[in-house]
Each structure stands twice: as structure tokens, then as C-alpha cells.
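Down below is the structure, laid out as C-alpha cells.
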Amino acid sequence: MKTDLRSLYKDELYSLMAELSGEKYRADQLFMWMHSKLKDGFSEMGNIPKKLKDSLDQAGYGINPSENVLVLRSKLDGTRKYLFRLWDGNIIESVFMQYEHGNTVCVSSQAGCRMGCRFCASTIDGLVRNLEPSEMLSQVYAIARDEAAAGPDSEKAGKNAGLNGDPVSNVVIMGSGEPLDNYDNVIRFIRLLNDKDGLNISQRNITLSTCGIVPGIRRLIEEDLKINLALSLHAPNDEKRKQLMPIANKYGISEILDACVDYYNSNRRRLTIEYSLIKGVNDSDEDAAELSHLLRGMNVLVNLIPVNPVRERDYQSTGQARVRAFQNKLEKNNINVTIRRELGRDIEGACGQLRRRYEARTGSGKDRNNDRGDESSAGTD
Ligand code: SAH
């Protein structure tokens, strides 16, 4: 593995260029090729001399390959699910969604996860490894390249169905992994994504979702970023939460919400509370009442997500009528609520499930041939 140049801040690239070539401006050129033109190989970087490419290579720097091995396209709403194979064979999952507020990419921050949430497929085999900043960026960049290649009129022309040709404007760190468990790499990823000479994605359009690692939230306050925070709460009290999320044994809800309020007070970004409704577990009127009480007076948006059943787990999704009743109860208590629009319903369910299925089908996911395509009736790339 090389030290990936895409993970370096611009001032670090300046120092490296000064050291290797004596030509500082090469850093700007490299930065542009990687983060604005979204090139993922030296061969495509026209104005970078071969000699410099060779010295970078000899010094252990480069761009690690990440291969897109599968794309599933929803026929319903333009959602696409991607699997990428990293340089070491690990498979990671990303999702592209089209919302009114813009094209959104959901990125994974780790291969696997060690948080152990009972309803989640990503965590079944534990944490494999943290993703590098470059490996988070490359998920966004690969998808942005697909959009760019489609061109602005692609939908009208009926070509490349599902691509609308607009740039990626929003990023949510809500794929596999716990971002605050890979803190430094995630912060670097966010800052690079936000760089004005890169994709320049506004901090306000970036959302980090966490299961509630209190020291991580507190550290985030110090970063002075304007990103949105989403908290995966999923239960109205600690006792219930402990049954669903092992992290609840470490941090209590009141301690987590205190940290979230401090985060809100530091930058006034509204907090989202994610609440996956699980039939008979956390979806009763009493649960709704308790949740309302817990969140009273806070500026939050509760995002209700009917749990996506995972084959290996026996949790069932709350039916539509109960979801509505839960929503009504919260609204009566003056809590802002949305029900997560189900996107890509036809192309594979929960977080981490696609990766698991792919790995089961192809073996370990390592050292396999590219078999991009041919996965389901939903249509593939
Ligand atoms: N670790 C982070 C981000 C990744 S999970 C976090 O916990 O927030 C993104 C969201 O999907 C979380 O709210 C998570 O609890 C939820 N989730 C995971 N598996 C799910 C499933 N099977 N059904 C519904 N939501 C799920």
C-alpha cells in the first residue's frame, strides 16, 4: 500500500513537493487532478513530469486503487448502490440518492464496525479496519464521476437512466462503520471534501451520524466545523437502548444528549435524532411519550426509520399504521418528525447487507475477478 496522496492536506502536499521536486506549485497541480478533476491514477495527470511521478512512487506515495465491482440501480427513484473493492480486497458499500435538496452520497467510514448494534448488518463480523481519508473520498469521487459522465441532459435523453448529471452536493457519513471510532481520518475527509479547490462541498451539506460516542462528540465541538450531527438513538431510555446498542453500556442517554446540546450551541446546526422503529421493541405509544419527554425543549428533528430487517437478525419492521401513530404522538408533543422516505426499495436492504451478500457469493471478497454487474433484477451497471 502507498501513502495515498489524496489523504494529504494542501500544505502537506506543498512540503512534500518542496522536498521531492523543489517545485511547490506542483502541489496545486496534483491537488487539482485528484480533488477537482477526480483522477485516480498518475497516468491521467498530463502536466506532472514523469520524473516527479517516479520519485513519488519511490518515496512510497501514490493513489491506491479502488475498483467499482458492482452498481445496483433502482428503477423507482434513481437510487444507486455501489460496492468498491479496496487495494487489500476489502469490499465497502456506498449509496447515491437523489433528493430535492440535491444529489447525496452516503459513505462508509469503516470496513465492518465494532459497535455491535443488534439490528445492523455491518457489525455482524466486527470491525475489519478503518478507512483512510482517501478511501472515503474515493467513494464520493467515483460516484461524482458517474454523474459527470452522464451529462446534464442525460435523463431527458433517456440515456443512463437514474443519473441526473448534477454534481454531488451532499454527503452523509451514514454507511457502514462508526465515524467517531475513526475520528482523525473522518475529520480529514470532511476538510478535504470541503476544500475550495476540491469538490467544495459545503460543511452545512455534510452530516455525520454517530451511535453516541461522547468524547468524540466533544472533540468535534473543538473542530469548529459547521457540519450536521445525527444521533442514532433508537430507544427512549437506557434500559431499552442497552438491549439494542452495546454502546449504551458505556454512555448514558443524558450524557450523550448533553454533548449534543453543547454541539448545537457551538454552531447552531440542528440535531437529527435517528430512530429505527422495531416491531414490539421500541414502537409503542409509551415509547413515543417517553421519547417526547426526553427531547422536550431541544431543537431536534426526529427521523423515523422503519427498521430494515436483516436476515441474520430476527427484528421486524413496524407497520405503516404504527409508524404514523408514533409520529402523531411525537407531533402532539411539538417534536419535529419526518419519516425517512424509503429510497431504492427494490435494490437491497439494510446497511452492510449488500456487502455481506456479495462477499458470501464471491468468497472472501479478496483476490476475486471483477464481476461488476449481474446481481439482481433491479438492473446493474
Ligand atoms: N455508526 C453510525 C453510522 C452508521 S449507521 C451510527 O450509528 O449512526 C447509519 C444509521 O442506520 C444508524 O442510525 C443505524 O442505527 C441505522 N441502521 C443500521 N442498520 C439498520 C437497519 N437494519 N434498519 C434501520 N436502520 C439501520
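The values are calculated or read from the model by the stated rules, or taken from the named source; none is laboratory data. The structure displayed is predicted, hence computed values, not measured ones. Every residue, glycine as well, gets a Cβ built from its backbone with ideal geometry; the counts of neighbours run over all protein chains shown. Remember, those area values only see protein heavy atoms, side chains included, never the ligands or the DNA or RNA. Shrake-Rupley method; radii C 1.70, N 1.55, O 1.52, S 1.80 Å.
Round to the nearest 10 and give me the degree value, 0 to 90, for the angle of helix 10-20's Cα axis relative to the longest principal axis of the chain.
Result, in degrees: 30.
How would Glu286, Glu312 rank on accessible area, largest to smallest, probe 1.4 Å? Mind showing how you got there, number by number?
Values: Glu286 125, Glu312 90 Å².
Order by accessible area, largest first: Glu286, Glu312.
Just the accessible area for Glu342, please: 1.4 Å probe, Å², rounded to the nearest 10?
120
I'd like to compare 252-260, 289-297: which one has the highest average count of other Cβ atoms within 10 Å, and what's the full order after that?
Most protected by this proxy first, the peptides run 252-260, 289-297.
Quick one: helix 320-332 against the long Cα principal axis of the chain, what's the angle to the nearest 10°, folded into 0 to 90?
80
With all pairs of different alpha carbon atoms counted, what Kirkwood hydrodynamic radius in Å does region 67-367 show?
For region 67-367, the Kirkwood estimate is 19.7 Å.
Evaluate the charge dipole of region 28-182 about its Cα centre and quote only its size in Debye, nearest 20, assuming +1 on the Cβ of each Lys and Arg and -1 on the Cβ of each Asp and Glu.
Using only the charged Cβ atoms, the result is roughly 260 debye.
Quick one: what are the phi-derived ³J(HN,Hα) couplings along region 108-125, Karplus 6.51/-1.76/1.60 with θ = phi - 60°, whole Hz, x for glycine and proline?
8, 10, 9, 8, x, 6, 10, 7, x, 4, 5, 9, 10, 7, 5, 9, 4, 9
Using each residue's phi in region 95-100, evaluate 6.51 cos²θ - 1.76 cosθ + 1.60 at θ = phi - 60° and report the 3J(HN,Hα) Karplus result to the nearest Hz, with x for Gly and Pro.
10, 10, 10, 10, 10, 4
Enumerate the calculated ³J(HN,Hα) couplings along region 221-237 in order (Karplus 6.51 cos²θ - 1.76 cosθ + 1.60, θ = phi - 60°), each rounded to whole Hz, writing x wherever the residue is Gly or Pro.
My calculation for region 221-237 gives 4, 5, 5, 6, 9, 9, 7, 7, 10, 10, 10, 7, 8, 6, 7, x, 8 Hz in order.
Which value, in debye to the nearest 20, gives the size of the charge dipole of the chain about its Cα centre, when Lys and Arg are +1 and Asp and Glu are -1 at the Cβ? If you can, show how the numbers build up before the last one.
Working: 53 positive and 54 negative charges, 84 e Å.
Using only the charged Cβ atoms, the result is roughly 400 debye.
Label points 7 Å out from Cα along the Cβ direction at Glu312 and Glu239: separation in nm?
Label-label distance for Glu312 and Glu239, simple model: 3.0 nm.
Which residues does a label at Asn299 reach in region 177-209, if reach means a backbone N under 19 Å from a point 7 Å past the Cα toward the Cβ?
Counting backbone N atoms under 19 Å from the label point, the list is 203-208.
From the C-alpha gyration tensor of region 3-62, pull out the three semi-axes of the equivalent ellipsoid (sqrt of 5λ each), sorted largest to smallest, in whole Å. Walk me through the numbers before you get to the answer.
Details: eigenvalues 43, 34, 25 Å².
Output for region 3-62: semi-axes of 15, 13, 11 Å.
Of the listed pairs Lys53/Lys226; Lys242/Lys332; Lys10/Lys226; Lys2/Lys226; Lys279/Lys329, which have alpha-carbon separations greater than 25 Å here?
Those over the limit are Lys53/Lys226; Lys242/Lys332; Lys2/Lys226.
Given points 7 Å out from each Cα along the Cα-Cβ axis, report the Trp87 to Lys51 separation in nanometres with one decimal.
In this crude label model, Trp87 to Lys51 measures out at 2.6 nm.
Expressed in nm to one decimal, what extension gain is obtained for the pair Lys250 and Asp195 from 0.36 nm per residue of sequence separation less their Cα-Cα distance?
Answer, rounded to one decimal: 16.3 nm.
Going by amide H atoms built from the backbone, whose H comes under 5 Å of the H on Ser317, apart from near neighbours?
Distant-sequence amide H within range of Ser317: Lys279.
Work out the FRET efficiency for Arg114 and Asp11 from their Cβ-Cβ distance, taking R0 = 22 Å, and round it to the nearest 0.05.
0.10
Put Arg114, Arg241, Arg145 in order of accessible area, largest first, 1.4 Å probe: what do you get?
Ranked from most to least accessible, the order is Arg114, Arg145, Arg241.
Using 0.36 nm per residue of separation minus the Cα-Cα distance, give me the extension gain between Ile124 and Lys75 in nm, one decimal.
14.7 nm
Dipole of the chain (Lys/Arg Cβ +1, Asp/Glu Cβ -1, origin at the Cα centre): which of Tyr99, Gly46, Gly319 lies farthest to the positive side?
Comparing the listed Cα positions along the dipole, Gly319 ranks first.
Run lengths n ≥ 4 of DSSP H only: what is the helix-derived mean residue ellipticity at 222 nm for the chain, with -39500 (n - 2.57) per run over all residues, to the nearest 500?
-10000 deg cm²/dmol
Could you list which residues have their amide H under 5 Å from that of Ile273, counting only those 5 or more apart in sequence or on another chain, with H placed in the peptide plane?
Leu231, Leu301, Val302, Asn303
For helix 25-35, what angle does its Cα long axis make with the longest principal axis of the chain, in degrees from 0 to 90 and rounded to 10?
That works out to roughly 40 degrees.
To the nearest 0.05, how large is the calculated FRET efficiency for Glu290 and Arg270 if R₀ is 25 Å and r is the Cβ-Cβ distance?
Approximately 0.70, to the nearest 0.05.
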